């Protein structure tokens with residue numbers, strides 16, 4: 001695509017040398033790329049500097065605060081928020097260009113479907129697809145919110161539009177890596193719920209995982225993605241159980 005778009009791409013990263021190159025290459029059409037790195041021990045910073053001179057190292061302060069900091073560095077009104085293991089597909093890049101050049105002022109935010117590569121295939125159904133995310137927005141009309149470790153962008157004014165092109169998500173190398181992430185995220189979520197006063201009755205601990213599995217595997221047709229679809233439904237339901245089990249443990253220990 002010819003010419004740079006007035007978009008600030010904001011990415012937070014730590015030890016992402018396997019992903020950062022593909023991520024940054026996919027947004028080379030943006031006129032500003034900001035990478036906030038949490039003092040990576042690998043080649044993340046070195047590789048990021050091949051694409052942008054705006055690489056800032058900052059001590060990790062949590063998912064929400066780190067991304068809020070990155071957004072605050074943006075010089076453009078339009079901000080595209082990405083994770084280091086995500087890429088913008090060519091189709092989506094073209095749609096973004098069309099929207100920002102032809103539909104100026106009509107919308108303050110754009111949502112994209114996110115497609116995840118998992119166990120050797122692209123997941124097309126179930127809980128993980130289309131998984132629309134609001135990632136492109138006017139900085140003056142939006143704020144970041146959510147509960148650690150899950151962030152979301154909320155527009156305070158103006159409308160949004162869904163685009164058809166995908167964010168491509170290369171998240172888990174294998175099941176072991178997924179379980180490591182699941183363990184970390186469930187601990188963070190349990191801690192945040194505990195601080196917020198969320199209770200952990202046994203009924204919720206057992207019923208919520210069952211509902212999560214049924215929704216993902218049956219009602220959203222995760223079974224059509226074969227064994228990977230089954231793995232997603234099982235592991236995600238276990239994540240829900242583990243989150244509430246850890247919350248129960250926090251109340252039991254009184255920490």
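Quick notes on this one:
- Test: residue 94 is touching a residue at least 12 places away in the same chain (Cβ under 8 Å) and on the phi > 0 side of the Ramachandran plot: no
- Subset of the stretch 212-235 [farther than 16 Å from residue 121 by Cβ and either touching a residue at least 40 places away in the same chain (Cβ under 8 Å) or surrounded by 12 or more Cβ atoms within 10 Å (Cβ to Cβ) (or both)]: 212, 213, 214, 215, 216, 217, 218, 220, 234
- Yes/no for residue 125 being within 20 Å of residue 217 (Cα to Cα) and over 17 Å from the mean Cα position of the chain (by Cα): yes
- Applying the condition of being part of a helix (DSSP H, G or I) and touching a strand residue (DSSP E or B) at 6+ places or on another chain (Cβ under 6 Å) to the stretch 25-47 and asking which residue is surrounded by the fewest Cβ atoms within 10 Å (Cβ to Cβ) yields 45.
- Among the candidates 119, 92, the residue that is under 30 Å from residue 215 (Cβ atoms) and in contact with a helix residue (DSSP H, G or I) (Cβ under 9 Å, 6 or more places away or on another chain) is uniquely 119.
- Taken across the stretch 87-98, residues that are under 15 Å from the mean Cα position of the chain (by Cα), crowded, with 18+ Cβ neighbours inside 10 Å and at pLDDT 95 or above do occur, with at least one present.
- Count - residues of the stretch 197-211 that are assigned to a helix (DSSP H, G or I) and crowded, with 19+ Cβ neighbours inside 10 Å: 1
The values are calculated or read from the model by the stated rules, or taken from the named source; none is laboratory data. Computed from a predicted structure; not experimentally measured. Note that we place each Cβ from the backbone using ideal geometry, even for glycine, and neighbour counts take in every protein chain shown.
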